[in-house]
1. Leaving ligands, DNA and RNA out of it, report the carbon-plus-sulfur percent of the accessible area of region 313-422 at a 1.4 Å probe.
2. Suppose we take every Cα in region 108-242 and form the convex hull; what volume per residue is that in Å³?
3. When the chain is fully extended, how far beyond the present Cα-Cα distance does Glu192 get from Glu343, taking 0.36 nm per residue of separation?
4. Mind telling me which of Gln321, Gln408, Gln162 comes out most flexible in a GNM of the chain, alpha-carbon contacts under 10 Å?
5. Taking the dipole about the Cα centre of region 284-363, with the C-beta of Lys and Arg at +1 and of Asp and Glu at -1, give me whichever of Leu290, Gly351, Gln321 is farthest to the positive side.
6. Which value, in nm² and rounded to one decimal, describes the direction-averaged projected area of the C-alpha convex hull of region 346-445?
7. Given an 8 Å cut-off on Cα distances and at least 6 residues of separation, report the relative contact order of region 90-200 as a percent.
8. For labels at Glu242 and Val138 in the simple 7 Å Cα→Cβ model, what's the distance in nm?
Amino acid sequence: MAKRIVILGAGESGVGAAVLAKSKGFDVFVSDLGEISPKYRLVLNKYQLDFEEKQHTESLILSADEVVKSPGIPDTAPLIVKLKEKNIPVISEIEFAGRFSNAKMICITGSNGKTTTTLLLYHMLKKAGLHVGLAGNVGDSLAWQVAEKDYTHYVVELSSFQLDGMYDFRANIAILLNITPDHLDRYDYKMENYINSKFRILQNMKSEDSFVFCTDDDIIKKELMNCDTLAQLLPFSVQEIEEMCGWIENELLKIQYNENLFSMDKKDLSLPGIHNVYNSLASGIAGSVLQIRKEVIRESLSDFQGVDHRLEKVVRVRGIQFINDSKATNINSTWYALESMDEPVVWIVGGVDKGNDYSVLADLVKEKVKGIVCLGVDNSKIHAAFDGKVDFIVDAGSMKEAVTQAYQIASKEEVVLLSPACASFDLFKNYEDRGNQFKEEVRNL
């Protein structure tokens, strides 16, 4: 009798897991508490998969041998609690997909910079001629690609939520960029729980695998002292040189892997800001491990075009530069955005607070920010942090209102920066919706 797999959530990862499970002969059932999009309903029907929407029928779900859940469903959801009480394994789509692939897995996590580094590495591997897939938080479902493609390599962006559902999955190259407070509402507001989640990327790694990490991050450095891994340790830094695999020296980005030294001028990197120096170092080290030619690494780091909604220059209106950084959903990401600004800033901030401590931005705001537009249902913490600290601080209840107010405050040769430092779910579907609305309203000025 076929093993019964239940998929909770019929988005990209859930439908991908269902397609893979069906191709492997499992008895598959898909359940989504919301309405399934027409795009994915067509796929479910095409593959003759049983599914339900707008409900979870417990009798059909609790009869599973194993459950693959969407990363958006918290472990505290009543249905997940019941599954675990019945000792029914609950895993992520990435964990499920990994069972059926022998491809090399290059996996990236961190509180900030994941998407940029993932897309930069994917760009590099494609330029090198490798047969590579893009998966995880970006690209197509890993499970779907495993079912229908024959890639030799995958570049996989992993969130803490995805890592939480991974047990036997193994990364061949793991990259940990940084750890700063984020998603603490999902981790009982305990930083140690979030740190432990990020470090799950190291589980199951072998001596022939490589762990690329930022040693400038105090949390990572401290945690590594208590961490036992067989993987080869490849640290990078912009503050230190000794014993580093990647570093900055005399404005040159340098990578030493085995006997090979790679070097390029920092000013030739395509992406601005110190955070992108870190992303470039991590990507260059991974490329070196994969024995990609130096010329290809150099070209990739100098011609990569960047990521939508991450310090994305939209347009200049009457000399005012509008920048879309909607992907900045936590304090640290916004810190890097403000740090990279050279002109006075009108900053659009706010949304669903995830336990933010705005005090870490105080010096940057004093130095660089002329005005603040608070865009959220509840802006009280932002006002408490910055009232009296900037020339202008106003509230907006919609993106149209926020853009209009920012435009009125800003002057020629200044910047309007949308860098919310918060989740988007109070006024928008997601950060992409928030960023797209920003771009649309800017173009309507």
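1. 48
2. It comes to 126 Å³ per residue, whole-number rounded.
3. Contour length minus Cα-Cα distance gives 50.6 nm.
4. Highest fluctuation among the options: Gln408.
5. Ranked along the dipole, the leading option is Leu290.
6. If I average the Cα hull's projected area over directions, I get 5.9 nm².
7. That works out to 39 percent.
8. 3.6
The values are calculated or read from the model by the stated rules, or taken from the named source; none is laboratory data. Just so you know, these numbers come straight off a predicted model, no measurement behind them. Cβ: placed from backbone, ideal geometry, glycine included. Neighbour counts: every protein chain shown. Keep in mind that these areas ignore ligands, DNA and RNA; they rest on the heavy atoms of the full protein, side chains included. Shrake-Rupley method; radii C 1.70, N 1.55, O 1.52, S 1.80 Å.
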